[in-house]
Amino acid sequence: MGPDRVRDDTGGVWIVTGWILGLIVYAGVLLAWHAGFTAAAPFVAIPPVLVIMIGAGNLLSGRSSRRAPEFNRPDPVPLPPLRGPASPSSAPSAGSDGSDNTPAGGPGPGR
């Protein structure tokens, strides 16, 4: 007879492993600090501060499921085409009158 629940490594096992190994390393740093190794002081002070800051951030705001503002979303109904000239051939095109439609003195071909 096998176990009732099949265990897999979908992430939970590795999270627990990381916490346990991290606590073991932190205990070693605490031991070195108490033994007189003063260079370990930042490694003693910074991890608790980071844990407190992350925990406070999760308590204050946490993950939110707010939707994006309406103006960031594409329009669900496309706009109708603009009413313009009856045929595209009647619209003036660039270069048809010899100009390249750039302002006087502006960059253009051949300048």
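Residues that are outside any helix (DSSP H, G or I) and either exposed (fewer than 10 other Cβ atoms within 10 Å of the Cβ) or modelled with pLDDT under 90 (or both): does region 22-43 have at least one?
Keep residues of region 22-43 that are outside any helix (DSSP H, G or I), which gives 35-37.
Add one more test, that the residue is either exposed (fewer than 10 other Cβ atoms within 10 Å of the Cβ) or modelled with pLDDT under 90 (or both), and what stays is 35-36.
Yes; the residues of region 22-43 include at least one that is outside any helix (DSSP H, G or I) and either exposed (fewer than 10 other Cβ atoms within 10 Å of the Cβ) or modelled with pLDDT under 90 (or both).
Which condition from (1) loosely packed, with under 10 Cβ neighbours inside 10 Å; (2) at pLDDT below 90 is the one that Val49 breaks?
Failing condition for Val49: (2).
The values are calculated or read from the model by the stated rules, or taken from the named source; none is laboratory data. Computed from a predicted structure; not experimentally measured. Positions of Cβ are backbone-derived with ideal geometry, glycine not excepted, and every protein chain shown enters the neighbour counts.
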